[in-house]
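Please read through the structure below; I'll follow up with questions.
Here, each number is a calculation from the coordinates, and none is a lab measurement. No experiment lies behind these values; they were computed from the predicted model shown.
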Amino acid sequence: MSVRILALVGSLRAGSHNRQLAEAAVKLAPEGAEVELFEGLAEVPFYNEDIDVEGAVPAAAARLREAAGQVDAFLLFSPEYNGTIPAVLKNAIDWLSRPYGAGAFTGKPVAVVGTAYGQFGGVWAQDEARKAVGIAGGTVLEDVKLSVPGSVVRFAETHPIDDAEVAGQLTEVITRLHGHAETATAAA
């Protein structure tokens, strides 16, 4: 049985370094793990209880929930926007936190990684994402981290998968997330 991991990227820009990191994760997934990059976060409307009505949930939000409901774990990629989590990633967390107490994150392992231009690689945003997804019911892997600083320079001419250090660290993150997901699935 393969462990399915859903990757959510907090940057909508087609050439974003976090998207490239997520693309690398898809290719670097170890045997027994499958990383799926979710497409369509830009279409998910801002969370609003008035539109989160059974039978009438907006199609983009329903697709997100359906994809999230079919996986064993989550891998979030967060850049840092003004020192915090991007709105698109926070919005995805909000949609997946509902229904309260039974959202898609509940009981599933979640790792948060990312890259940013600054010298700390977006750690503030990643910490905020960990906090939000933990409150949303996810089992946050606090010891599984990867923050790559200086993204604009580091990845100016190199895709993250071709950066041996980053590829090795990302592979380790996925391997550890995979292990936690196998344990959680076996215990369920």
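Please list, in chain and number order, the residues 5+ apart from VAL140 or on another chain whose amide H is under 5 Å from its amide H, with Hs placed from the backbone.
Those lying under 5 Å, H to H, from VAL140 are VAL110.
Further question: Where Rh denotes the Kirkwood radius from the mean inverse Cα pair distance, what is Rg over Rh for the stretch 50-116?
Details: Rg = 12.8 Å, Rh = 13.0 Å.
Over the Cα atoms of the stretch 50-116, Rg/Rh equals 0.99.
Quick one: what do you get for the stretch 6-81 if you divide its Cα Rg by 2.2 N^0.38 Å? Please list the in-between numbers first.
Numbers: Rg = 13.8 Å, N = 76, 2.2 N^0.38 = 11.4 Å.
In units of the globular-protein estimate, the stretch 6-81 measures up at 1.21.
Which one, GLU23, GLU66, GLU49, has the greatest fluctuation when you compute a Gaussian network model over the chain with C-alpha springs under 10 angstrom?
Comparing GLU23, GLU66, GLU49 in a Gaussian network model of the chain, the most mobile one is GLU49.
Also, quick follow-up: At q = 0.29, 0.31 Å⁻¹, what is the base-10 log of I(q)/I(0) for the stretch 33-76 according to the Debye formula with one equal point scatterer per Cα and no solvent? Please give it to two decimals.
Debye intensities relative to I(0), on a log10 scale: -1.13, -1.20.
By how many degrees, 0 to 90 and rounded to 10, does the Cα axis of helix 17-28 deviate from the longest principal axis of the chain?
90 degrees
Give me log10 I(q)/I(0) at q = 0.10 Å⁻¹ for the chain, Debye formula, one equal scatterer per alpha-carbon, no solvent.
So the normalised log intensities are -0.36.
When the Debye formula is applied to the Cα atoms of the stretch 82-155, each taken as the same point scatterer, what base-10 log of I(q)/I(0) results at q = 0.13, 0.17, 0.18, 0.28 Å⁻¹?
The calculated log intensity ratios at q = 0.13, 0.17, 0.18, 0.28 Å⁻¹ are -0.39, -0.62, -0.68, -1.22.
Treating the angle as unsigned and between 0 and 90°, give the value, to the nearest 10°, between the Cα long axis of helix 123-135 and the longest Cα principal axis of the chain.
Approximately 20 degrees, to the nearest 10.
Quick check: Cα centre of the stretch 129-150 to Cα centre of the stretch 1-46, how many Å?
15 Å
For the stretch 128-188, would you read off the P(r) tail past 15 Å as a percentage of all alpha carbon pairs? Working shown, then result.
Details: 1143 of 1830 pairs.
Percent of Cα pairs beyond 15 Å in the stretch 128-188: 62.
Could I ask something else about it? In 5 Å bins starting at zero, report the fraction of Cα pairs in the stretch 85-125 per bin as a rounded %.
Histogramming the stretch 85-125 at 5 Å steps yields 6, 19, 22, 22, 16, 9, 5, 1 percent.
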